[in-house]
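Have a look at the structure below, then the notes.
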Amino acid sequence: MAKRIITVSREFGSGGRTVGRLLAEKLNLKYYDKELVKRISLETGFDPGYIEEHGEYAQGKSALAYLFGGTGHPDFMNGMTPADFLWCMQRKIILEIADKEPCVIVGRCADYILKDRPDVLNVFIHAPKPQRAERIVKLYGESDVAPEKRLDDKDARRRVNYRHFTGRDWGSVQNYHLALDSGALGLETCVDLIAAAFRAEPDAKETK
């Protein structure tokens, strides 16, 4: 089946968000990143900043982060914790978007949420730590925390979040159709390679 949707998962600082935006422009697809956050905010009442931080990242760097997540309001979140409620709403909205139109979706476990659809191309963008560290300093500026530690913290919390809600290992190549090193290839080449895979006609012959 021809592809309609691209999900872009990424290491922090790898440029995956930029790759997703450029892909959407190149292929004339709807781009869901900040727009997805806005929609989730409208449907949940959560602040966009809260969704940005908690929609992809665990509160801590171990599985224990979800053991003390609090409880939900029985009249608002059906007794679920805020993290579980946010996950359910993100999943609902991503499924609705996928049914509605061809698009590029960045992050938020979309690769897992849409794993049963044959029209989805799942991509993971990664890069060596020195290049990612340099990139986040350029984008977000210096801080009291070393850029390498910022990378480790973000990726660890994203890994825990992904594992908690999917039962799979974040970044494992088996979860994606393409895994690309943006440090070695450059962002534009990553875009070109993903676009080529997206446009490729499926093989009509069955593998025996």
(request) Tell me, please, whether a residue that is open to solvent by 20 Å² or more (accessible area, probe 1.4 Å), over 27 Å from Ile40 (Cβ atoms) and not hydroxyl-bearing (Ser, Thr, Tyr) can be found in the range 167-175. (result) yes
(message) Quick check on the range 145-154: of everything there that is more than 9 Å from Lys61 (Cα to Cα) and in a helix (DSSP H, G or I), which residue is least open to solvent (accessible area, probe 1.4 Å)?
(response) Leu151
(request) Could you please find all residues in the range 2-47 being at negative phi and assigned to a loop (DSSP other than H, G, I, E, B)? (result) Ala2, Lys3, Arg4, Glu11, Phe12, Ser14, Leu29, Asp33, Phe46, Asp47
(request) State all residues of the range 176-189 that are open to solvent by 30 Å² or more (accessible area, probe 1.4 Å) and within 25 Å of Asp152 (Cβ to Cβ); if no residue qualifies, say none. (result) Leu178, Ala179, Asp181, Ala184, Leu185, Leu187
(message) Condition first: within 16 Å of the chain's Cα centre (by Cα), modelled with pLDDT under 90 and not basic (Lys, Arg). Can you find one or more residues in the range 15-30 that meet it?
(response) no
(request) Please find, within the range 76-132, the residue that is farthest from the chain's Cα centre (by Cα) out of those that are surrounded by fewer than 19 Cβ atoms within 10 Å (Cβ to Cβ) and among the polar types (S, T, N, Q). (result) Asn78
(request) Could you check, for the range 190-203, whether at least one of its residues is open to solvent by 50 Å² or more (accessible area, probe 1.4 Å) and more than 23 Å from Leu29 (Cα to Cα)? (result) yes
(message) Being at pLDDT 95 or above, under 23 Å from Ile40 (Cα atoms) and part of a helix (DSSP H, G or I) is the requirement here; does Asp111 meet it?
(response) yes
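The values are calculated or read from the model by the stated rules, or taken from the named source; none is laboratory data. Keep in mind that what you see is a predicted model, and the values were worked out from it rather than measured. Neighbour counts are summed over all protein chains in view; Cβ atoms, including those assigned to glycine, are modelled from backbone coordinates with ideal geometry. The accessibility values were calculated without ligands, DNA or RNA, using every heavy atom of the protein model including side chains. Shrake-Rupley method; radii C 1.70, N 1.55, O 1.52, S 1.80 Å.
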